[in-house]
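The values are calculated or read from the model by the stated rules, or taken from the named source; none is laboratory data. Everything numeric here is computed off the predicted structure, so don't read it as measured data. Here the Cβ positions follow ideal geometry from the backbone for every residue, glycine too, while neighbour counts run over all protein chains shown. In case anyone asks, the SASA skips ligands and DNA or RNA and just uses the protein heavy atoms, side chains included. Shrake-Rupley method; radii C 1.70, N 1.55, O 1.52, S 1.80 Å.
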Amino acid sequence: MTNLSGKKRQQMLEFLEKIKEGLSDETSLSTVRDIEEELTTRKYGLVWEKHEERIDQEMQTKVPVFTEVKERRISMAGREDGYHYLLEGDNLHSLRLLGETCRKKVDCIYIDPPYNTGNKDFIYDDAIVDEKDGFRHSKWLSFMSERLEAAKELLADNGVIFISIDDNEVYALKLLCDEIMGEQNFVTNIIWQKKTGASDARGIATITEYILVYVKDIRRADQIFDKNYQAYDRKRYRFTDEYEEERGPFYYDSLDRGSVRYSDALNYAIEAPDGTPVYPNGRTEFVRDGWTWKWSREKVKWARENGFLEIMPSSRKENGWAVRYKIYLNVDNEGNPVEKCAPYKNVIQTVLNANAAADIKRIFQGETVFKYSKPVELIKILLRYLKKKDALVLDFFAGSGTTGQAVLEQNRQDGGKRHFILCTNNENHICEEITYIRLKRVIEGYRMKDGGKVEGIPANLKYFRTDFEEK
């Protein structure tokens, strides 16, 4: 099939060659060369109308600086493990400044950017972007592109970024992140079931959102992600034997299997205690019907000698015997020590978005002061995915401060020493009156609406504003 876009591009290049023949001034020739470069260097990926923000222009003539608001510093007695940071101001400004001090030092980034729903949830360059804006998607991509480019520079070589998003921009965001982070560094798209239903849905209820996960270097993934040590059911291990001290409790499983991967070598007789030959699937003689033992003759012999295999009377088997092996808690079926665990999965169904409102109300005595935060438990789950318990965690769409609270709570839960940097603007005084107050109460403790007292999680915090100085 003819590549029409390629054919069209070639026609345009040939036309430009004819134009150049009639040009003599360097300015016009330079412009034509720029057009040729755009035509010849465009690669597969997103194409959008790029926009420039006021802050980009300001940084061309001014120097961005941090200024500490010392009266908001929180220093807890006996806490000598450093400070957490809350940065008030445009997050692009903060990211540029952090590039001077935190380049390749951030272990984990979590962000919950505006979803660009068209319902006035996205403000670009001080103007609300709604569904009538013809550049709605390109403005959002320009906005995200600049911030993700800056964030990538902050990530450590074994760093990871989690990005919450919904259906409005998930596909564009995936392509954008492939371009910035590298398609090879994509880990997964976590599906988060945020609610159980939607009675007002048109057709099919959407009850999920997404969390895109990228690492700085996929070759380091095993250094980054932890295993789920709660992935097994402890109650299954109901039996004990004389090896309990070393091997722990165990449960039984059948040694025979019906499988399309049949092998004569695994279809043999095992001698029962009364001398009966026992074949797979309860048979008393060799039949090539697809059933085999899981283990070789040699391993069965070793397992019987070392207490890993039992042959028990069974009224359900034709030959009267069931061959069962033991699955121990603390060793594998060759006697090697193991930790029962599995990789975390890319589905989260244990926490609902309704929990976010409860998190905020509890701290602010029942008042709804912020509508669009994420549940604390959701961020804690993501933190548990990571091996590093002293990670530096950055959230540059911090909003009400959920990520900060999650870091503090997870530290208390597992003894970690994580630190956070939160960046948020102060629109409607959110940073001063919500984010800061929330963190202060989580650190120092607070009283709930019913009069109950919640103990604080001792930590140190510094509050900075971003500003500009003339060059």
Quiz item: How much length is gained if the chain between residue 367 and residue 12 is pulled fully straight, taking 0.36 nm per residue apart and subtracting their Cα-Cα distance, in nm to one decimal?
Solution: 121.7 nm
Quiz item: Are there GluC sites (Glu not before Pro) in region 371-471 that DSSP puts in a loop and that have at most 14 other Cβ atoms within 10 Å, and which ones?
Solution: 455
Quiz item: Past the 29 Å Cα-Cα mark, which pairs from 50/194; 195/216; 345/449; 132/371; 105/361; 195/449?
Solution: 50/194; 195/216; 345/449; 105/361
Exercise. Please work out how much length the chain gains when fully extended from residue 195 to residue 29, using 0.36 nm per residue of separation minus the C-alpha to C-alpha distance, in nm with one decimal.
Key: 53.9 nm
Quiz prompt | Three-way shape label, region 216-286, alpha-carbon gyration tensor, a/c 1.5 | solution = oblate
Exercise. Compare 59, 448, 144 by solvent-accessible area with a 1.4 Å probe and give them largest first, with all protein chains kept in place.
Key: 448, 59, 144
Exercise. State the Cα centre-to-centre distance between region 100-170 and region 267-297 in whole Å.
Key: 61 Å
Exercise. Note down the accessible area of residue 362, probe 1.4 Å, to the nearest 10 Å².
Key: 100 Å²
Exercise. Quantify, in whole percent, the carbon and sulfur part of the accessible surface of the chain (1.4 Å probe; protein heavy atoms only).
Key: 46 percent
Quiz prompt | Accessible-area value, residue 200, 1.4 Å probe, nucleic acids and ligands omitted, Å² | solution = 130 Å²
Exercise. On a 0 to 90° scale, report how tilted helix 26-41 is relative to the longest principal axis of the chain, with both axes built from alpha carbons and the result rounded to the nearest 10.
Key: 10 degrees
Quiz item: Does the chain come out rounded, prolate or oblate by the C-alpha gyration tensor, with a ≥ b ≥ c the root eigenvalues, rounded set by a/c under 1.5 and, if not, prolate when a/b is larger than b/c and oblate if not?
Solution: oblate
Exercise. Quote the relative contact order of the chain in percent (integer), defining contacts as alpha-carbon pairs under 8 Å separated by 6+ residues.
Key: 22 percent
Quiz prompt | Candidate residues 440, 301: accessible-area rank, largest first, probe 1.4 Å | solution = 301, 440
Quiz prompt | Neighbour cut-off at most 13 other Cβ (10 Å), DSSP loop, GluC sites (Glu not before Pro), region 6-94 | solution = 49, 52, 80
Self-check item: Spatial separation of Cα centroids for region 173-207 and region 327-400, in angstrom
Solution: 18 Å
Exercise. Would you mind working out the accessible area per residue for the chain, using a 1.4 Å probe, and quoting it in Å²?
Key: 55 Å²
